[in-house]
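So the structure is just underneath, and the comments pick up after that.
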Amino acid sequence: STELSDKAGFKNRNRSAGPNGWKQRGKIFAINVDGHDRYPAYALDEAYQPLKILKDILTVFGDNTSAWSIASWMGTANSWLGGKKPKDVMKQEPAAVLHAALTEKAGAQHG
């Protein structure tokens with residue numbers, strides 16, 4: 001959190017307040033490792049701000065999906081993305097990644 005706060009330009013006395021605020025507002029997720037939040041670099045733009053599409057993706061998965069599950073989904077090849085990982089194409093193809101998340105959440109379709 002402290003490193004991200006510095007890169008994003010937060011000036012709060014509490015160095016983790018900025019990124020934690022993003023997390024609370026559903027703009028980003030974090031993996032807790034040894035008591036410290038780790039934020040995914042692939043979810044940030046060049047100014048170290050959360051990608052706008054991530055909020056929509058997190059909304060699709062909802063509050064009951066763990067950060068570890070989201071990270072796993074982001075790092076797994078996805079057939080809706082031509083075998084690419086969501087994290088690798090989120091910046092270039094945000095609508096496609098959102099569609100893949102919606103399809104994942106909808107579950108298997110039979111017809």
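The values are calculated or read from the model by the stated rules, or taken from the named source; none is laboratory data. What you see is a predicted model, and the numbers here were worked out from it, not measured in a lab. Counting neighbours? That spans all protein chains shown, and the Cβs are built from the backbone with ideal geometry, glycine included. The protein model used for the area step is the full one, side chains on, heavy atoms only, and it has no ligands, DNA or RNA in it. Shrake-Rupley method; radii C 1.70, N 1.55, O 1.52, S 1.80 Å.
What residue, among those in segment 5-38 that are surrounded by 11 or more Cβ atoms within 10 Å (Cβ to Cβ) and assigned to a strand (DSSP E or B), is farthest from the chain's Cα centre (by Cα)?
Restricting to residues being surrounded by 11 or more Cβ atoms within 10 Å (Cβ to Cβ) and assigned to a strand (DSSP E or B), the top hit is His36.
Return yes or no: is Ala41 among the hydrophobic types (A, V, I, L, M, F, W, C) and open to solvent by 30 Å² or more (accessible area, probe 1.4 Å)? It would help to see each step written out before you state the result.
Values: among the hydrophobic types (A, V, I, L, M, F, W, C): yes; open to solvent by 30 Å² or more (accessible area, probe 1.4 Å): yes.
It is true that Ala41 is among the hydrophobic types (A, V, I, L, M, F, W, C) and open to solvent by 30 Å² or more (accessible area, probe 1.4 Å).
Looking for whichever is closer than 21 Å to Ser5 by Cα, at pLDDT 95 or above and in contact with a strand residue (DSSP E or B) (Cβ under 8 Å, 6 or more places away or on another chain) here; the options are Leu44, Leu51. Which one fits?
Numbers: Leu44 fails: at pLDDT 95 or above.
Checking each option against the conditions leaves just Leu51.
Out of contact with any strand residue (DSSP E or B) (no Cβ under 7 Å at 6 or more places or on another chain) and farther than 20 Å from Thr103 by Cβ, is that true of Val60?
On the way: out of contact with any strand residue (DSSP E or B) (no Cβ under 7 Å at 6 or more places or on another chain): yes; farther than 20 Å from Thr103 by Cβ: no.
Spelling it out, it is not the case that Val60 is out of contact with any strand residue (DSSP E or B) (no Cβ under 7 Å at 6 or more places or on another chain) and farther than 20 Å from Thr103 by Cβ.
Would you list the helices (runs of 4 or more DSSP H) that sit entirely within segment 48-111 and hold 2 or more residues that are of a type in the set (Gly, Ala, Ser) and loosely packed, with under 14 Cβ neighbours inside 10 Å?
Values: elements: 52-61, 67-74, 86-89, 94-106.
By residue number, 67-74, 94-106.
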